[in-house]
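Engineer: Before we start, here is the structure in question, set down as structure tokens.
The values are calculated or read from the model by the stated rules, or taken from the named source; none is laboratory data. Keep in mind that this is a model prediction, so the values were computed, not measured. Don't worry about glycine lacking a Cβ; one is built from the backbone with ideal geometry, like all the others, and counts go over all protein chains shown.
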């Protein structure tokens with residue numbers, strides 16, 4: 001029986017557009033004209049009967065339905081790529097890294113060319129998941145996880161500790177003059193707050209924890225709770241949808257471009273951070289060792305932002 005799926009080209013176009021939050025860059029990656037990406041997106045939206053993107057001026061951002069479809073399609077393509085790559089592993093050198101969607105697309109992918117150079121041309125693939133259990137199964141050489149560094153039986157080297165700022169777009173701040181960067185806990189309203197959440201209880205900073213850090217309590221319900229895709233949350237902030245918690249190392253590119261601003265003083269939790277893990281202990285050799293050293297060195301640059 002024939003599978004009931006949207007056209008593969010439409011799924012590829014959607015995955016690239018969702019990852020870049022930009023139809024033009026998706027077209028460049030896939031080697032097609034930008035109108036072709038728009039046509040594929042329209043086709044898949046018609047097939048599903050839902051809107052996947054919201055257009056705001058020249059910017060595009062995923063809708064809530066689009067976020068769900070993006071996670072599903074990205075996970076499916078990642079697993080397909082890894083599984084097919086495993087069939088050719090005897091003919092090529094390959095390193096597989098497991099990481100969350102946010103870490104993969106905001107920290108790893110921008111430096112993929114340099115990573116390949118450090119790995120002496122080895123193929124580098126990713127498995128993206130918000131559930132770290134997925135990194136313990138199958139062929140995952142390294143993984144990046146948030147925590148305190150305590151993973152029995154694994155080597156865990158710290159990449160960077162957690163440093164959190166309140167972030168917002170300049171336009172949003174112009175429209176909300178009542179926000180006082182020197183007294184954020186008292187002047188932020190719950191309806192403005194965008195929340196990434198912590199669905200697996202890994203200890204990520206949430207708005208409730210942030211208010212507790214400032215000796216206050218979050219009153220009221222959040223308008224946008226549990227936006228599971230962190231890149232989507234950053235897009236929402238960039239488009240002026242609200243205020244969020246930004247993490248040094250993941251939002252640097254938007255800060256440097258002036259698209260978002262960091263407000264007030266940072267919240268630092270030096271006992272928590274992102275770690276590079278492997279089951280190999282000290283037995284990392286060759287291209288894997290070179291890539292490990294590159295990532296830990298690059299993380300040192302991240303700490304200084």
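Engineer: Can you pull out the residues in the range 39-62 that are surrounded by 17 or more Cβ atoms within 10 Å (Cβ to Cβ) and within 26 Å of residue 241 (Cα to Cα)?
Structural biologist: Correct list: 41, 44, 45, 52, 53, 60, 61, 62.
Engineer: Could you tell me whether residue 13 is at pLDDT 90 or above, under 21 Å from the mean Cα position of the chain (by Cα), under 21 Å from residue 139 (Cβ atoms) and surrounded by 19 or more Cβ atoms within 10 Å (Cβ to Cβ)?
Structural biologist: So residue 13 fails the test.
Engineer: If a residue has to be modelled with pLDDT of 90 or more and not in a helix (DSSP H, G or I) to count, how many in the range 181-205 make the cut?
Structural biologist: Of the residues in that region, 8 qualify.
Engineer: Another one. With the condition kept exactly as written, say whether any residue in the range 158-180 is touching a strand residue (DSSP E or B) at 6+ places or on another chain (Cβ under 7 Å), assigned to a loop (DSSP other than H, G, I, E, B), surrounded by 14 or more Cβ atoms within 10 Å (Cβ to Cβ) and at pLDDT 90 or above.
Structural biologist: no
Engineer: Looking only at the range 254-271, which residues are within 18 Å of the chain's Cα centre (by Cα) and surrounded by 13 or more Cβ atoms within 10 Å (Cβ to Cβ)?
Structural biologist: Listed by number, the residues that qualify are 254, 255, 259, 260.
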